[in-house]
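Derivation of every value follows stated rules applied to the coordinates shown; laboratory data play no part. Remember, it's a predicted structure, so these values are computed and weren't measured experimentally. For neighbour counting, all protein chains shown are included, and Cβ atoms are generated from backbone atoms with ideal geometry for every residue, glycine included.
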Amino acid sequence: MKTLTIDTDNNITAFPTPDHAEAAVGAGAQAFTSQKQLAELASAWPAERLVEIWNSLPGVAPVKGFKSAKAAASRIWVRTQTLGESPEPKAPTKAKAAKQARPVAPSKAKSAKKTTSAKKAAKAPKKATKPKAEGVREGSKTATVLALLQRAKGATLAEIMETTSWQAHSVRGFISGTLGKKMRLTVSSTKREDGTRVYSIAK
């Protein structure tokens, strides 16, 4: 069963199993696996937080408020169901395939037009999924950790623990869960000559 967590910075992360979510929960995040559980959590949150959570979700129309916490939880739940899932490639329509397969002996003018159309079809851009760090609230721990990892020399586990006051397992869970799975960032992990592990993100 997919488990979702929401941390104090309102970052929602999807995990394949409850075991994978343990690190995030250990760092102070709240877990939920159903709309009912989310509604129970939302009932204790201020209205401002519900608005902030919704407006931080990708692809939503910003709102200024909700009629109730239950209504907010319902809309947030629906939007979070696509987290952690990869978009499926679109197959070409039958109509286009039929046009390309149909044998025709056109005049020179028509041939030129078809060639132009084929070039336009070939140049049609495909939306590629690129790692993004958009929507990170300035001053949040997520923004702080990102700044550390984006330094030229990266950051050690000890430096991240000292800055965030997190334990080692919480830092590792944040890097693999929030940065790796949710934000789709590639975090490299290397060892120095003295054995110290360093994490970094290429700009």
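Details
- Looking across segment 184-203 at every residue that is surrounded by 12 or more Cβ atoms within 10 Å (Cβ to Cβ) and out of contact with any Leu (no Cβ under 9 Å at 6 or more places or on another chain), the one that is nearest to ILE12 (Cα to Cα) is identified as ARG184.
- Qualifying residues in segment 1-49 (those that are acidic (Asp, Glu) and farther than 18 Å from HIS169 by Cα) - the one surrounded by the fewest Cβ atoms within 10 Å (Cβ to Cβ): GLU48
- Within the option set ALA152, ALA143, being surrounded by fewer than 15 Cβ atoms within 10 Å (Cβ to Cβ) and touching a Lys or Arg at 6+ places or on another chain (Cβ under 7 Å) holds for one residue only, ALA143.
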